[in-house]
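Scroll down for the structure; my scribbles are underneath it.
The values are calculated or read from the model by the stated rules, or taken from the named source; none is laboratory data. Just so it is clear, the model here is predicted, and its values are computed rather than measured. Note that we place each Cβ from the backbone using ideal geometry, even for glycine, and neighbour counts take in every protein chain shown.
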């Protein structure tokens, strides 16, 4: 009997340990564009850690007629106690759209999965957390020509998806996240669009560019319509945007060719 009791206690202890090991652990939260550790409302962010999700999947199979997913495979995230849209989950990373909020300063980010909740992780939230979205390790910006064809160095092309560089003086579409509220303010993240209260200042290769439009085009996605400088030389030119005293991350480039 003592042996059976000892085995039962051992198995119970093992189950307890497995349960504890499976609890989600969040270790960091960053802006998806540039990995700025300061986040902002309506900004695409990444939660990093361990045991965050039981599988790897994205929202490609989601029925968007019912709205944006607030959970995938039972995995959800809250930012400042507000539910966030979830676009991707894996054991080590979750991609979410930070909810609309007016909070500034320290806020809690918490992951929930089938085993329980992570210990809340405190991060700093402010009104903006600027970043250009990039498509490769070189730092080429996510961009399109006005006809919506893909903009980038030709070396990025794959069958069916050709890329072409921009031309000096061309107006192009650049994609960003973290530029904050529009005017009038967004009221939901599913269908609301709008323009920024003021236009950001954009430079290409250190030369000023002409911004004709800047606003929210899709959930958490900001689009800039930018006229490139006529004097822009050939090559991968550094790209920067300044807004409300803040600046986008370094290392972003746009391919330009005469």
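From the list 206, 152, which residue is surrounded by fewer than 18 Cβ atoms within 10 Å (Cβ to Cβ), farther than 20 Å from residue 31 by Cα and out of contact with any helix residue (DSSP H, G or I) (no Cβ under 7 Å at 6 or more places or on another chain)?
On the way: 152 fails: surrounded by fewer than 18 Cβ atoms within 10 Å (Cβ to Cβ).
Exactly one of 206, 152 is surrounded by fewer than 18 Cβ atoms within 10 Å (Cβ to Cβ), farther than 20 Å from residue 31 by Cα and out of contact with any helix residue (DSSP H, G or I) (no Cβ under 7 Å at 6 or more places or on another chain), namely 206.
Among the residues that make up region 90-104, is at least one of them surrounded by fewer than 14 Cβ atoms within 10 Å (Cβ to Cβ), in the same structural domain as residue 42 (by TED's automatic domain parsing) and closer than 19 Å to residue 181 by Cα? Yes, region 90-104 contains a residue that is surrounded by fewer than 14 Cβ atoms within 10 Å (Cβ to Cβ), in the same structural domain as residue 42 (by TED's automatic domain parsing) and closer than 19 Å to residue 181 by Cα. Evaluate region 128-135: report whether one residue or more is surrounded by fewer than 18 Cβ atoms within 10 Å (Cβ to Cβ) and under 20 Å from residue 253 (Cβ atoms). Yes, region 128-135 contains a residue that is surrounded by fewer than 18 Cβ atoms within 10 Å (Cβ to Cβ) and under 20 Å from residue 253 (Cβ atoms). For region 108-126, the criterion of being closer than 26 Å to residue 250 by Cα and assigned to a loop (DSSP other than H, G, I, E, B) is met by at least one residue.
Go through 255, 214 for me and flag whichever is in a strand (DSSP E or B) and free of Cβ contacts under 8 Å to residues at least 60 places away in the same chain. Reasoning before the result, please.
Working: 255 fails: free of Cβ contacts under 8 Å to residues at least 60 places away in the same chain.
So the residue among 255, 214 that is in a strand (DSSP E or B) and free of Cβ contacts under 8 Å to residues at least 60 places away in the same chain is 214.
All of 115, 163 fail the test of being assigned by TED's automatic domain parsing to the domain that holds residue 89, over 20 Å from residue 246 (Cα atoms) and touching a helix residue (DSSP H, G or I) at 6+ places or on another chain (Cβ under 6 Å), apart from 115.
Across region 217-229, what is the number of residues that are outside any strand (DSSP E or B) and within 18 Å of residue 131 (Cα to Cα)? Working first, answer last.
Keep residues of region 217-229 that are outside any strand (DSSP E or B), which gives 219-220, 228-229.
Still in the running and within 18 Å of residue 131 (Cα to Cα): 219-220.
Result for region 217-229: 2.
When residues of region 232-252 are filtered for being in a loop (DSSP other than H, G, I, E, B) and either on the phi > 0 side of the Ramachandran plot or not assigned by TED's automatic domain parsing to the domain that holds residue 212 (or both), how many remain?
First, the residues of region 232-252 that are in a loop (DSSP other than H, G, I, E, B): 232-234, 244-245, 248-252.
Remaining after also requiring either on the phi > 0 side of the Ramachandran plot or not assigned by TED's automatic domain parsing to the domain that holds residue 212 (or both): 244-245, 251.
Result for region 232-252: 3.
Name every residue in region 21-38 that is more than 10 Å from the chain's Cα centre (by Cα) and in contact (Cβ under 8 Å) with a residue 60 or more places away in the chain, in order of residue number. Within region 21-38, 22, 23, 24, 25, 26, 27, 28, 29, 36, 37, 38 meet the criteria. Only a single criterion out of (1) modelled with pLDDT under 95; (2) closer than 29 Å to residue 68 by Cβ is not satisfied by residue 183, namely (1). Exactly one residue among 107, 111, 141 is closer than 30 Å to residue 233 by Cα, in contact with a strand residue (DSSP E or B) (Cβ under 9 Å, 6 or more places away or on another chain) and crowded, with 16+ Cβ neighbours inside 10 Å, and that residue is 141. Inside region 30-56, residues that are surrounded by fewer than 16 Cβ atoms within 10 Å (Cβ to Cβ) and within 27 Å of residue 223 (Cβ to Cβ) make up a count of 2.
Per the listing 185, 168, the residue uniquely in a loop (DSSP other than H, G, I, E, B) and over 20 Å from residue 254 (Cα atoms) is 185. Taken over region 85-115, the residue count meeting the criterion of being closer than 14 Å to residue 125 by Cα and within 16 Å of the chain's Cα centre (by Cα) is 5.
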